[in-house]
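In what follows, a structure is listed as structure tokens, so that the remarks can point back to it.
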Amino acid sequence: MLIVVAAVLAAALAAVVAVLGLTSSGEEEPGTGPLPLVSIPAPKSGSADCRSLIEAAPAELESSGETLERRELAEPAPPATVAWGEGDPVVLRCGLDRPPELSPTSSLRQINGVQWLDVPGEGAATWYVVDRATYLALTVPAGSGTGPLQQISDTVAGALPATEVRTN
């Protein structure tokens, strides 16, 4: 009898281990966990403007009807940077150099009182705030819709005073 109970328990344990092995690979799902980002030159990232903006950044963004949660950044995290969403995240960086694409003839878009310069890229676009004392960049994946731009425009307008666009 004791051998039968031991055999049943061993079979049950083996079944549980097999089910767990099939349902869990032991690795995190792609796009979860801390987000690794490359640092880029951001000489004003330690400024009071960037501190104010990062503190005011929302915990969530709405993008094409989907709620994007704020992501933890992997260390070493770039300064004055925030990201939202799994997979291809929305990334906000503060304190950047003037974008080289900004010129006196650049086409700017005003969204909720903030002037943006659109720099298209492959699979994503980077939008630069160009009418504040420090430059900001919001990188959004293709198909994100206008929600992130509208919400970040509201955040920027509330946290940083407008200035004239500097094209040189």
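The values are calculated or read from the model by the stated rules, or taken from the named source; none is laboratory data. Model, not experiment: these values are computed from the prediction. With ideal geometry, Cβ positions are generated from the backbone for all residues, glycine too; neighbour counts draw on all protein chains shown. Please note that ligands, DNA and RNA were not included when accessible areas were found on the heavy atoms of the full protein model with its side chains. Shrake-Rupley method; radii C 1.70, N 1.55, O 1.52, S 1.80 Å.
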(message) I'd like to verify a number: residues in region 63-88 that are at pLDDT below 95 and in contact with a Gly (Cβ under 7 Å, 6 or more places away or on another chain), how many?
(response) 4
(request) Identify, by number, the condition in (1) open to solvent by less than 70 Å² (accessible area, probe 1.4 Å); (2) farther than 27 Å from Arg166 by Cβ; (3) modelled with pLDDT of 95 or more that Gly31 doesn't meet. (result) (3)
(request) Output the residues belonging to region 106-132 that are over 20 Å from Ala48 (Cα atoms) and aromatic (Phe, Trp, Tyr). (result) Trp116, Trp127
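Could you list, in sequence order, all residues of region 122-132 that are open to solvent by less than 50 Å² (accessible area, probe 1.4 Å), under 19 Å from Pro89 (Cβ atoms) and of a type outside the set (Phe, Trp, Tyr)?
Of the residues in region 122-132, the ones open to solvent by less than 50 Å² (accessible area, probe 1.4 Å) are 124-132.
If we keep only those that are under 19 Å from Pro89 (Cβ atoms) too, we end up with 124-129.
Within region 122-132, Ala124, Ala125, Thr126, Val129 qualify.
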(request) Answer with yes or no whether Ser39 is at pLDDT below 95, more than 20 Å from Gln150 (Cα to Cα), open to solvent by 60 Å² or more (accessible area, probe 1.4 Å) and not aliphatic (A, V, I, L, M). (result) yes
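How many residues, within region 42-78, are among the polar types (S, T, N, Q) and surrounded by 21 or more Cβ atoms within 10 Å (Cβ to Cβ)? Full working, then the answer.
Within region 42-78, the subset among the polar types (S, T, N, Q) is 45, 47, 52, 63-64, 67.
Then keep just the ones that are surrounded by 21 or more Cβ atoms within 10 Å (Cβ to Cβ); that gives 45, 63.
Final tally of qualifying residues: 2.
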(message) For region 133-168, which positions are aliphatic (A, V, I, L, M) and either within 18 Å of Ala48 (Cα to Cα) or open to solvent by less than 50 Å² (accessible area, probe 1.4 Å) (or both)?
(response) Ala133, Leu136, Ala137, Leu138, Val140, Leu149, Ile152, Val156, Ala157, Ala159, Leu160, Ala162
(message) Every residue in region 79-120 that is open to solvent by 50 Å² or more (accessible area, probe 1.4 Å) and not in a strand (DSSP E or B), please.
(response) Pro79, Glu86, Asp88, Asp97, Arg98, Pro100, Glu101, Pro104, Thr105, Ser107, Asn112
(request) Please work out which one of (1) touching a helix residue (DSSP H, G or I) at 6+ places or on another chain (Cβ under 9 Å); (2) assigned to a strand (DSSP E or B) is the condition Thr155 fails and give its number. (result) (2)
(request) Consider only pairs whose beta carbons are under 6 Å apart and that are at least six residues apart or on different chains; among these, list those whose first residue lies in region 83-96 and is under 22 Å from Asp131 (Cα atoms) and in contact (Cβ under 8 Å) with a residue 40 or more places away in the chain and whose second residue is assigned to a loop (DSSP other than H, G, I, E, B) and open to solvent by less than 10 Å² (accessible area, probe 1.4 Å). (result) Gly95/Thr134
(request) Please specify each residue of region 64-78 satisfying the condition of being more than 26 Å from Arg98 (Cβ to Cβ), assigned to a strand (DSSP E or B) and within 12 Å of the chain's Cα centre (by Cα). (result) Leu68, Glu69, Arg70, Arg71
(request) Among the numbered conditions (1) more than 15 Å from Ser153 (Cβ to Cβ); (2) assigned to a strand (DSSP E or B); (3) of a type outside the set (Phe, Trp, Tyr), tell me where Cys50 comes up short. (result) (2)
